[in-house]
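Read through the structure below, which is laid out as structure tokens, and then see the notes.
The values are calculated or read from the model by the stated rules, or taken from the named source; none is laboratory data. Fair warning: this is a prediction, and the values are worked out from it, not measured in the lab. Reconstructed Cβ throughout: ideal geometry from the backbone, glycine too, with neighbour counts over all protein chains shown. We work out accessible area using only protein heavy atoms, side chains counted, and drop any ligands, DNA or RNA first. Shrake-Rupley method; radii C 1.70, N 1.55, O 1.52, S 1.80 Å.
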Amino acid sequence: MADRVTVIGWDGSPLTAAARAALGAATLVAGAAHHLALPEVPAGAERIRLGSVALAARRIAAHRGTAVVLADGDPGFFGVVRTLRAPEFGLEVEVVPAVSAVAAAFARAGMPWDDAHVVVAHPRTLRRAVNVCRAHTKVAVLTSPGAGPAELGLLMDGIHRTFVICEELGTEREQVTVVTSDKAADHSWRDPNVVIVIGGPVGAGESGSWIAGRDPSAGPRGWSLPAEAYGGDLGEGERDPLRTAQLARLGPRVGDLVWDIGCASGAFATEAARAGAAVIAVDRDPQACARTDSVARRYGVQLQIVHGTAPQVLENLPEPDVVRVGGGGAAVVSAVADRRPQRIVADAATRDAAELIGRDLTEHGYQVECALLQSVELDTRAWTEKERSVAFLLSGVLPARGA
């Protein structure tokens, strides 16, 4: 019974001495068709076309002999190593890595990638991958059939990005193409491919960063910033305590799409984007849209801003994960609940308005909580009251998807 498997990464370069030695001794070799066609694969070895890695692992575990798995790029980076190391198979895994497809793609593009986010797009995760591309300025997408450059471009309708599409890296058919996101669906692309998605200001930086991806210290601290950060006096529905409570209940995160309906100053939309989520900010007031755009630019976050009146303007927007309803009352909350986001928050000035919203959310199947938030800001020089705010905060969570 095999208890050990050597995993060899392949990036199109000649195999290393260690890889050739392991492959030459193999009695079972698993890999894609182009791996199994390599001349170094022993003629007498059993060959497995690698579809399901779990199925291949079971066959390897039952094999009497020496097993090798061939995989593209670095098999420890979104590759087969994770599955092969699962305790259920009882395999000891030795890895001979190669250059990852992501590193190769950025090398072909001549770009640094320590500031990039890396996501994997399958049909089931495509929407979340698109949300990361909406929210961040540099993203590498490892695609799959049914979740490739064309599908990425179609789902990014209304968002301008540049796609650097690297097809069949490491092979004789390798090709690198640069297109805008709206043109990606006009072409057929060969698998496998990596898509580098670029949008917004991207610079080399003077001293580099200390952490991969977006530097968390690039912006100011705090979930919510004081009113002065957004131009001074904010409306009742945008005060710091209410905004912080809304953020806490929605919990926007990387991969989410947030709707901020009635974005006003842009405070909530900007702070949700600072958490790493993709955000669509909606307002019927063109001046509010302009303020939101200005604030987003100031804090270096990516927002899609939609000018229009809810609920009508919401019909053609992509499906949200969490929603803040900052204006429009029960009618807008009802229209949002019809779209079944995981979480919804809204506020009301009176108990009657809060009860109306709460009943509507309950009728849509949401678990509803309501809190009366009262905050008093004090002047610490004299410890006297400067400002008082009162609001009903409602939150709704779909039980089946509530995390």
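Express the carbon and sulfur contribution to the solvent-accessible surface of the chain as a percent, rounded to the nearest whole number, probe 1.4 angstrom.
Accessible surface attributable to carbon and sulfur in the chain totals 52 percent.
Accessible area of Phe89 (1.4 Å probe, protein heavy atoms only, ligands and nucleic acids ignored): about 20 Å².
Mean separation of Cα pairs under 8 Å and 6 or more residues apart, divided by the residue count, gives the chain a relative contact order of 11 percent.
Compare Gly235, Gly44, Gly213 in a GNM of the chain, Cα atoms joined below 10 Å, and give the one with the largest fluctuation. It is Gly44.
With a simple spin-label model that places each label point 7 Å from the Cα along the Cα-to-Cβ direction, the separation between Glu363 and Thr16 comes to 6.5 nm.
Counting only DSSP beta bridges with both residues in the chain, tell me the antiparallel percent, nearest 5.
50
Tell me whether segment 99-147 comes out rounded, prolate or oblate; compute the Cα gyration tensor, take square roots of the eigenvalues as a ≥ b ≥ c, and use a/c under 1.5 as the rounded threshold. Cα axes put segment 99-147 in the oblate bin. Calculate how steeply helix 126-135 sits against the longest principal axis of the alpha-carbon atoms of the chain, using the helix alpha-carbon long axis, and give the answer as 0 to 90 degrees to the nearest 10. Taking the Cα atoms of the chain, the angle to 126-135 is about 60 degrees.
Between Ala337, Ala86, Ala349, which gets the highest mean-square fluctuation from a Gaussian network model of the chain, Cα cutoff 10 Å? Among Ala337, Ala86, Ala349, the largest GNM mean-square fluctuation belongs to Ala86.
Of Ala21, Ala330, Ala348, the residue with the greatest mean-square motion in the GNM of the chain, using alpha carbon springs below 10 Å, is Ala21.
Selection among Ala400, Ala288, His122 by position relative to the dipole of the chain gives His122 as farthest towards the positive end (Cβ unit charges, Cα centre). Placing unit charges on the Cβ atoms of the charged side chains and taking the dipole of the chain about its Cα centre, the candidate lying farthest along the positive direction among Pro216, Gly12, Leu28 is Leu28. Lys/Arg Cβ at +1, Asp/Glu Cβ at -1, dipole of segment 241-388 taken about the Cα centre: which of Trp259, His307, Thr384 is farthest positive-ward? After comparing all options, I get Thr384. Working from label points 7 Å from Cα in the Cα-to-Cβ sense, the Gln374 to Ala331 distance is 3.3 nm.
If only the Cβ of Lys and Arg carry +1 and only the Cβ of Asp and Glu carry -1, the dipole of segment 1-98 around its Cα centre is close to 260 debye.
Extension gain Glu172-Gln312, at 0.36 nm per residue separation less the Cα-Cα distance, in nm? Please report the intermediate quantities before stating the final value.
Numbers: separation 140, 0.36 × 140 = 50.40 nm, distance 5.09 nm.
Stretched fully, the Glu172-Gln312 segment lengthens by 45.3 nm.
Rounded to the nearest 20, the size of the Cβ-charge dipole of the chain about its Cα centre is 820 debye, with Lys and Arg at +1 and Asp and Glu at -1. Karplus-derived 3J(HN,Hα) values for segment 159-166, using 6.51 cos²θ - 1.76 cosθ + 1.60 with θ = phi - 60°, are 10, 8, 9, 9, 9, 9, 9, 10 Hz; glycine and proline are entered as x.
Of the DSSP beta bridges with both residues in segment 166-316, give the percent that are antiparallel, rounding to the nearest 5. For segment 166-316, the DSSP antiparallel bridge percentage is about 30. Taking each residue as 0.36 nm, the span from Thr125 to Asp285 lengthens on full extension beyond its C-alpha to C-alpha distance by 54.2 nm. Relative contact order of segment 124-268, taken over Cα pairs closer than 8 Å and 6 or more residues apart, is 25 percent. Mean sequence separation of contacting Cα pairs (under 8 Å, at least six apart), scaled by the length of segment 252-310, corresponds to a relative contact order of 36 percent.
The largest accessible area among Asp186, Asp240 belongs to the first residue in Asp186, Asp240, and the rest follow in falling order (1.4 Å probe, all chains).
Rounded to the nearest 10 degrees, the angle from helix 240-250 to the longest Cα principal axis of the chain is 40 degrees. Close amide-amide hydrogen proximity is noted between Arg47 and Val29, each under 5 Å apart and 5 or more residues distant or on a separate chain (H modeled in the peptide plane; Pro and chain starts excluded). You can think of it this way: the chain between Phe77 and Ser188 has 37.3 nm of extra reach, that is 0.36 nm per residue less the Cα-Cα gap. Between Arg58 and Ala353, the modelled labels are 5.9 nm apart [label points 7 Å from Cα along Cα→Cβ]. Name the shape class, rounded, prolate or oblate, that the alpha-carbon gyration tensor gives for the chain, where a ≥ b ≥ c are the square roots of its eigenvalues, rounded holds for a/c under 1.5, and otherwise prolate holds if a/b is larger than b/c and oblate otherwise. Cα axes put the chain in the prolate bin.
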